[in-house]
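The values are calculated or read from the model by the stated rules, or taken from the named source; none is laboratory data. What you see is a predicted model, and the numbers here were worked out from it, not measured in a lab. So basically every Cβ, Gly included, is an ideal-geometry build from the backbone, and we count neighbours across all protein chains shown. The accessibility values were calculated without ligands, DNA or RNA, using every heavy atom of the protein model including side chains. Shrake-Rupley method; radii C 1.70, N 1.55, O 1.52, S 1.80 Å.
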Amino acid sequence: GSERQKLTDAAGERLKEASMINKSLTCLGHVINALSDIEKGKQRHVHYRDSKLTFLLSDSIGGNSRTCLVATVSPSAKSLCETMSTLKFAKRAKLIRNDAQVNEDTGGTIAALQAEIERLRAG
């Protein structure tokens with residue numbers, strides 16, 4: 001998840017890594033916002049290519065698949081801000097609806113497909 005850099009006392013490479021994680025999570029939040037706006041009927045462009053994380057998850061969060069999101073929160077009062085942010089994010093993500101379809105080619109028979117494989121191997 002996101003990290004408050006002041007609270008973790010991260011420095012050097014760890015600080016750099018935490019910054020990159022936070023950037024990717026921010027981009028993921030923007031994608032989730034755009035997808036939830038689309039579900040509400042608004043016209044939006046979804047910026048999947050803004051980070052590697054959103055690019056890799058593009059088929060899962062806005063494509064042809066079923067996706068589950070687990071939001072982990074803390075009961076600690078010190079984590080109230082992060083907990084509220086996580087719950088708001090999960091609420092927006094919950095609005096996204098994908099229409100998952102089975103990717104299946106039913107146009108050919110097994111024998112025809114096996115003959116095609118043999119033809120390709122021979123050629």
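Some points to look at:
- Computed FRET value (nearest 0.05) for residue 40 with residue 84, which takes r as the C-beta separation and R₀ as 35 Å: 0.95
- Near residue 30, once Lys and Arg are set to +1 and Asp and Glu to -1 for all other residues with Cβ below 12 Å from its Cβ, the sum equals +2.
- Put a plus charge on the Cβ of each Lys and Arg, a minus charge on the Cβ of each Asp and Glu, and nothing anywhere else: the dipole of the chain about its Cα centre is then about 640 debye.
- The protection proxy used here, the mean number of other Cβ atoms lying within 10 Å of each residue, ranks peptides 56-67, 27-38 as follows, highest first: 27-38, 56-67.
- Protein heavy-atom accessible surface, 1.4 Å probe, per residue over the chain: 82 Å².
- Accessible area of residue 42 in the full protein assembly, 1.4 Å probe (Å², nearest 10): 110
- Residue among 98, 57, 41 farthest towards the positive dipole end of the chain, charges placed on Cβ: 41
- Counting protein heavy atoms only, the chain has 55 percent of its accessible area on carbon and sulfur, 1.4 angstrom probe.
- Using the Karplus relation 6.51 cos²θ - 1.76 cosθ + 1.60 with θ = phi - 60°, the per-residue 3J(HN,Hα) values for segment 38-55 come to 4, 5, 7, x, 7, 8, 9, 8, 9, 8, 5, 8, 6, 8, 5, 4, 5, 5 Hz, with x marking Gly and Pro.
- For the chain, the tally of Lys pairs with Cα-Cα distances below 15 Å comes to 5, considering only residues 8 or more apart or on different chains.
- Each Cα pair under 8 Å and six or more residues apart adds its separation to the average, and for the chain the resulting relative contact order is 22 percent.
- 3J(HN,Hα) along segment 79-87: 9, 4, 4, 5, 4, 5, 4, 5, 5 Hz, from the Karplus curve 6.51 cos²θ - 1.76 cosθ + 1.60 with θ = phi - 60°, whole Hz, x for Gly and Pro.
- FRET efficiency for residue 69 and residue 106, using Cβ-Cβ distance with R0 set to 22 Å, rounded to 0.05: 0.10
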